[in-house]
Amino acid sequence: MQAIVMAGGKGSRLHPYSALFPKPLMPLGDKPVLEILLHQLRAAGVTHVILAVNHLRHLLEAFFGDGSRFGLSITYSVEDRPLGTAGPIGLVLDRLGEDFFLTNGDLLTTLDMGAMLADHRARGADATIGTYRRQLRSEFGLLEVDDKMRMTGYKEKPTYEQLVSMGLYVLRREAVIPFMVPGEPLDMPALVLAMHQAGQNVVCHSQDCFWLDIGRPDDFAEAQAIVERDPQAFVRVLS
């Protein structure tokens, strides 16, 4: 079982920290974020990880090496230019089996990836999107008006719930091949929309789990605080 991990981004939302470290190497407790993710992928049955790298790739290669100390085989796919969150698939199709994971290198979650893979296969999915129900708060007061612009309601910075993508997918190799042009940029939203429009079986998977977007400074600070209180918070799921 293979996984492609997108680890080539510049992490611009975490500047200035990510100017010195690739975002997947940002530390949480005594481990970088990507090391936690690798252990989770291994627990889900992944044996071979392909790291799609670009920004500060020498640091990633130096730390993770061939993956043997993590119980994995790690190889690298180097982007000469940014290819988006799906484009790197086209460069490594010959290394992939029937189904494979694709994930952001800064993914931080307690989701059971093995259960997600089992759900993908049980539903005969071409693509399975890992999702999370997140509370979003508007920065503004929202006005409601009628067709004559008379106010009919006023909601002060309302909170609402949305199903969001976690940046974790299980994909069927043969299903994505028609959309891949090696070396051409492509993002995951565009890929799964194209698959859906072509009549393929694109499903969403949700669990009672925890997820943070650590590209956001506030979420990264929250993650650090969680690990400071409970160093096993994101690895307990492996036991």
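The values are calculated or read from the model by the stated rules, or taken from the named source; none is laboratory data. Since we're looking at a predicted model, the values are computed, not measured. Don't worry about glycine lacking a Cβ; one is built from the backbone with ideal geometry, like all the others, and counts go over all protein chains shown.
A few points about this structure:
- Residue selected from the stretch 119-136 under the condition free of Cβ contacts under 8 Å to residues at least 60 places away in the same chain and within 18 Å of GLU174 (Cα to Cα), by the criterion surrounded by the most Cβ atoms within 10 Å (Cβ to Cβ): ARG121
- Selection from the stretch 52-71 of residues that are among the aliphatic types (A, V, I, L, M) and either farther than 22 Å from MET166 by Cβ or surrounded by fewer than 19 Cβ atoms within 10 Å (Cβ to Cβ) (or both): LEU56, LEU59, ALA62
- As for the stretch 65-75, it holds no residue that is touching a residue at least 12 places away in the same chain (Cβ under 8 Å), within 17 Å of VAL176 (Cβ to Cβ) and not in a loop (DSSP other than H, G, I, E, B).
- The set of residues in the stretch 91-126 that are more than 14 Å from the chain's Cα centre (by Cα), at pLDDT below 95 and not in a loop (DSSP other than H, G, I, E, B) comprises LEU91, LEU93, ASP94, ARG95.
- When residues of the stretch 137-146 are limited to those that are closer than 30 Å to VAL192 by Cα and of a type outside the set (Ser, Thr, Tyr), the one surrounded by the fewest Cβ atoms within 10 Å (Cβ to Cβ): GLU139
- Within the option set GLY29, GLY11, being modelled with pLDDT under 95, touching a Lys or Arg at 6+ places or on another chain (Cβ under 6 Å) and not β-branched (Val, Ile, Thr) holds for one residue only, GLY11.
- Failed criterion for LYS155 (all others in (1) free of Cβ contacts under 8 Å to residues at least 60 places away in the same chain; (2) loosely packed, with under 10 Cβ neighbours inside 10 Å hold): (2)
- Residue within the stretch 83-106 that is without any contact (Cβ under 8 Å) to a residue 24 or more places away in the chain and closer than 27 Å to THR128 by Cα present: yes
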